[in-house]
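Reading through the structure tokens given below for one structure.
The values are calculated or read from the model by the stated rules, or taken from the named source; none is laboratory data. Since the structure is predicted, the reported quantities are computational estimates derived from the model, not experimental observations. Glycine gets a Cβ as well: all are built from the backbone with ideal geometry, and neighbour counts include every protein chain shown.
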Amino acid sequence: MGNGLKALLWVIAVVVIAWLGWGLFNQGNAPEAPSGEASLSGEPIKIGFMAPLTGGLASYGEGIRDGVKLAIADLGLADRVELIEEDTQCEPELATNAASKLINVDGVVAIIGETCSSPTLAAAPLAEEAKIVMISASATSPDIADAGDFIFRSIPSDALQGSFGAKLVADLGIERLAVLHTNDDYGNGFKDVLLSAVPAQGGLVVAAESVERDAADMRAQLTKLKAQNPDGIYVILNSEATIVGALRQIKELELNATVIGSEGFNAPVVIEAAGEAADGLIVTTVVAGSDAFQARFQETYGKAPGVFAAQAYDAFYALGLALKDGSVTPEAIRDYLYDVQFDGATGPIDFDEKGEVTGNYDVLVFDAEEKTFSSTSAEELLSMEEDTGETISVE
């Protein structure tokens, strides 16, 4: 055997070994993509994608799209899947129009989306009637659990996050909680969970006030909350501008209470725009993904993953496994998803009978001087209070 042939065989062997060793990198457990490549021959399979790609929530949509495209690449489906994008701006009417187009004009076999709860609930009946699977990576309203047999999500319901938040409130010793929330399915659903979960933990919700999603002035609502003398305030918002405005106005009105924000606060806008107004902010949020996923995302995009990127990765990975198994009709995709189990970027993925997943949450605290969030716990936050003699609050 000549040296040239030996070298060629050596290169082939290395490539084969590297290929066999590649897979989903979460916690060292790679889900094995099933066989079925033959079913992916022919025309590209059309997958719909609905998200806010412009407007005040565009950063969430962009992060979700990045996660989806990373999963497509890692599954080797870049040449076999056509991702048809629709910008919904998280508006219910735009979402229903987008879903109708994707289903009736484009002929997609599945949809990744929507990002927000209200447009997800608005579009779900169209997908359900057409028997088209729709998987959301970020819509968390508890009502989505009953949206239909073809509706899935790769993010836990706020029924879980609200309970987690109520436990955190109790662990922090907050006795009188106020709630400021966006007036939509997301904010109302989260608030309703807190109204029952906080008293179950021994606390009291002294008041709850709502604002519209893009509200700029929340002083009237915050003044009403302040009058109830809360020692904690849970702020449930998703619009970037409204989040920054709320933090600044809480500081302006001197609400000297522990401030807890929902996952929408875990965004670059908080770091870039809120500054000192966010110092000491506590955030409850879905997990950002395994260390390996975050490293892979950073390597690919040159930035840290957005708040829902890991959930988006898992959403398409589940769908991609179905496609690679040969499930290319909507009913077959649905049936596959109810049976699939794998270790995803966010942890074990196993859809229940309502298309729901369980999951874990992180507690973050923002340091304005360092301009970073750091992972923490109630015990560590209480230790910080003991060390400084001050209550953790936005001041």
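Structure above, values below:
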{"read-out": "Residue 220 being under 16 Å from residue 368 (Cα atoms) and part of a helix (DSSP H, G or I)", "value": "no"}
{"read-out": "The listed residue being out of contact with any Leu (no Cβ under 6 Å at 6 or more places or on another chain), closer than 27 Å to residue 168 by Cβ, modelled with pLDDT of 95 or more and not assigned by TED's automatic domain parsing to the domain that holds residue 230, out of 314, 335, 339", "value": "314"}
{"read-out": "Residue 84 crowded, with 20+ Cβ neighbours inside 10 Å and modelled with pLDDT of 95 or more", "value": "no"}
{"read-out": "Candidate set from segment 335-361 (those that are aromatic (Phe, Trp, Tyr) and more than 19 Å from the chain's Cα centre (by Cα)); member that is nearest to residue 136 (Cα to Cα)", "value": "338"}
{"read-out": "Odd one out for residue 198, checked against (1) within 22 Å of residue 377 (Cα to Cα); (2) touching a Pro at 6+ places or on another chain (Cβ under 8 Å); (3) at pLDDT 95 or above", "value": "(2)"}
{"read-out": "Test for residue 275: is it part of a helix (DSSP H, G or I) and on the phi > 0 side of the Ramachandran plot", "value": "yes"}
{"read-out": "Residue list for segment 173-204, filter: of a type in the set (A, V, I, L, M), surrounded by fewer than 22 Cβ atoms within 10 Å (Cβ to Cβ) and over 21 Å from residue 139 (Cβ atoms)", "value": "200, 204"}
{"read-out": "Count of residues meeting criterion [of a type in the set (Asp, Glu) and surrounded by 22 or more Cβ atoms within 10 Å (Cβ to Cβ)] in segment 233-269", "value": "2"}
{"read-out": "Hits in segment 62-100 - residues which are in a helix (DSSP H, G or I) and touching a Gly at 6+ places or on another chain (Cβ under 9 Å)", "value": "62, 63, 64, 66, 67, 71, 72, 74, 95, 98, 99"}
{"read-out": "Residue 318 vs. criteria among the small types (Gly, Ala, Ser) and assigned to a helix (DSSP H, G or I)", "value": "yes"}
{"read-out": "Hits in segment 245-271 - residues which are under 17 Å from residue 165 (Cβ atoms), out of contact with any Gly (no Cβ under 7 Å at 6 or more places or on another chain) and in a loop (DSSP other than H, G, I, E, B)", "value": "262, 266"}
{"read-out": "Complete set of residues in segment 298-315 that are part of a helix (DSSP H, G or I) and farther than 20 Å from residue 111 by Cα", "value": "298, 299, 300, 301"}
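Okay, residues lined up against (1) in a helix (DSSP H, G or I); (2) in the same structural domain as residue 331 (by TED's automatic domain parsing):
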position: 125; (1), (2): yes, yes
position: 167; (1), (2): yes, no
position: 180; (1), (2): no, no
position: 191; (1), (2): yes, no
position: 199; (1), (2): yes, no
position: 209; (1), (2): no, no
